[in-house]
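J.: I'd like to ask some things about the structure below.
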Amino acid sequence: MSSRIPLPYSPKILELFRNPKNLGPMKDATIQATAGSPACGDMISLYLKIKRENNKDIIEKATFESYGCAANIATASILTEMIKGKTLEEAWKISWKDLANQLGGLPAIKFHCSILAVGAFKRAVRAYYNKIKEHPSWLPKDLTREEKQTYEEEELIEKFYKKNE
């Protein structure tokens, strides 16, 4: 007999877990970024195909690979749907709460999945601008809260597993 209580996932989370959108690596990606830790089991690799049009960087295509739970897969999937066709500046404004709301809510214990998805996206954006040696005025010089939370989670997991080896 299991003592585990099933998490209250929304129908949207379950649908995207069973049938994720934009799943898989992208061979011709402009940029790729990963967030998470294999130690805890939640990782997201995000691939972006970006085209420059009229001095704007537009997300032409977005795909992901996810190693983790239903919430991790669903948040990465909904993120790729939400950012496609947007400029990097428009997509930058998407928060982990926006992802959770689009999914019909997340159990509190799974908020970190939406933070990782946004963290991977923001890493990809920063990597893209580092690669092309530009820094648009809208891109903050300091890390956002979600970026900091992603780094903190990764560091904590690494410390925990090193301590328990």
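J.: State whether one or more residues within segment 67-81 are within 16 Å of ILE31 (Cα to Cα), out of contact with any helix residue (DSSP H, G or I) (no Cβ under 6 Å at 6 or more places or on another chain) and modelled with pLDDT of 95 or more.
T.: Yes, there is a match, as at least one residue in segment 67-81 is within 16 Å of ILE31 (Cα to Cα), out of contact with any helix residue (DSSP H, G or I) (no Cβ under 6 Å at 6 or more places or on another chain) and modelled with pLDDT of 95 or more.
J.: While we're looking at this one, here's another question. Considering only segment 59-105, state which residues are aliphatic (A, V, I, L, M), assigned to a helix (DSSP H, G or I) and in contact with a Phe, Trp or Tyr (Cβ under 9 Å, 6 or more places away or on another chain).
T.: Correct list: ALA70, ALA71, ILE73, ALA74, ALA76, LEU79, ILE83, LEU88, ALA91, ALA100.
J.: For TYR9, only one of the following conditions fails: (1) at pLDDT 95 or above; (2) crowded, with 17+ Cβ neighbours inside 10 Å. What is its number?
T.: (1)
J.: May I pose another question? Are any of the residues in segment 90-97 of a type in the set (Gly, Ala, Ser), over 11 Å from the mean Cα position of the chain (by Cα) and surrounded by 19 or more Cβ atoms within 10 Å (Cβ to Cβ)?
T.: yes
J.: On to the next question. Taking segment 112-144, which residues are of a type in the set (Gly, Ala, Ser) and either within 18 Å of ALA35 (Cα to Cα) or part of a helix (DSSP H, G or I) (or both)?
T.: If the condition is that a residue be of a type in the set (Gly, Ala, Ser) and either within 18 Å of ALA35 (Cα to Cα) or part of a helix (DSSP H, G or I) (or both), then SER114, ALA117, GLY119, ALA120, ALA124, ALA127 are the ones that fit.
J.: Quick one: SER66 ticks every box in (1) within 30 Å of PRO6 (Cβ to Cβ); (2) polar (S, T, N, Q); (3) touching a Lys or Arg at 6+ places or on another chain (Cβ under 9 Å); (4) without any contact (Cβ under 8 Å) to a residue 60 or more places away in the chain bar one, so which box is it?
T.: Evaluating SER66 over (1) within 30 Å of PRO6 (Cβ to Cβ); (2) polar (S, T, N, Q); (3) touching a Lys or Arg at 6+ places or on another chain (Cβ under 9 Å); (4) without any contact (Cβ under 8 Å) to a residue 60 or more places away in the chain leaves (3) as the failure.
J.: Output the residue which, of all residues in segment 101-124 that are more than 20 Å from TYR67 (Cβ to Cβ) and free of Cβ contacts under 8 Å to residues at least 60 places away in the same chain, is surrounded by the most Cβ atoms within 10 Å (Cβ to Cβ).
T.: My answer is ASN101.
J.: I need every pair where a residue in segment 128-143 that is more than 16 Å from ILE31 (Cα to Cα) has its Cβ under 9 Å from the Cβ of a residue that is among the acidic types (Asp, Glu), sequence separation at least 6 or different chains.
T.: Cβ pairs passing all conditions: PRO136/ASP57; PRO136/GLU89; TRP138/GLU89; LEU139/GLU89.
The values are calculated or read from the model by the stated rules, or taken from the named source; none is laboratory data. Owing to the predicted nature of the structure, the values given are computational and were not obtained by experimental measurement. Don't worry about glycine lacking a Cβ; one is built from the backbone with ideal geometry, like all the others, and counts go over all protein chains shown.
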